[in-house]
1. Please work out if Ala13 is free of Cβ contacts under 8 Å to residues at least 24 places away in the same chain and open to solvent by 50 Å² or more (accessible area, probe 1.4 Å).
2. Output yes when any residue across region 49-64 is in contact with a Leu (Cβ under 7 Å, 6 or more places away or on another chain) and in contact (Cβ under 8 Å) with a residue 24 or more places away in the chain, and no when none is.
3. Of all the residues that make up region 39-50, how many are farther than 11 Å from Trp7 by Cβ and either modelled with pLDDT of 90 or more or surrounded by 12 or more Cβ atoms within 10 Å (Cβ to Cβ) (or both)?
4. Out of (1) open to solvent by 60 Å² or more (accessible area, probe 1.4 Å); (2) modelled with pLDDT under 85; (3) under 15 Å from Asp8 (Cβ atoms); (4) in contact with a strand residue (DSSP E or B) (Cβ under 7 Å, 6 or more places away or on another chain), the odd one out for Val60 is which?
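The values are calculated or read from the model by the stated rules, or taken from the named source; none is laboratory data. All of these numbers come straight from a predicted model, not from anything done at the bench. Cβ sites come from the backbone with ideal geometry, for glycine too, and all protein chains shown count toward neighbours. Only protein heavy atoms, including side chains, enter the accessible area calculation; ligands, DNA and RNA are left aside. Shrake-Rupley method; radii C 1.70, N 1.55, O 1.52, S 1.80 Å.
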Amino acid sequence: MGPFQLWDAAGVAGTVGRMRAAGERVSPVVEGLLATGAEGWRRRDGRECFDANSGSFRTVTEAEGIARIAKFRSANGVVRSNPGASLVDLGDA
């Protein structure tokens, strides 16, 4: 998982609440995300992500002919994994 996926998995609002309780500073970008009423950095369908520059969600475009492992992982699953690697089903069989 990347940093934004970790935020989403942990829950942005809950994490911010724990940060505030611990006296930690919360980034203005995170405050902007929460101000939209969103629960995470990506919308549930995964096609929109929060754009810190505009303070709103934008559509994530995919370049023609480019494959992303995360898409295969979510669509087809992981065949086998260990702490160092994952075998992802590419759906080509």
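1. Answer is no for this residue.
2. no
3. So in region 39-50, the residues farther than 11 Å from Trp7 by Cβ come out as 43-49.
Still in the list and also either modelled with pLDDT of 90 or more or surrounded by 12 or more Cβ atoms within 10 Å (Cβ to Cβ) (or both): 43, 47-49.
Result for region 39-50: 4.
4. All conditions pass for Val60, except number (1).
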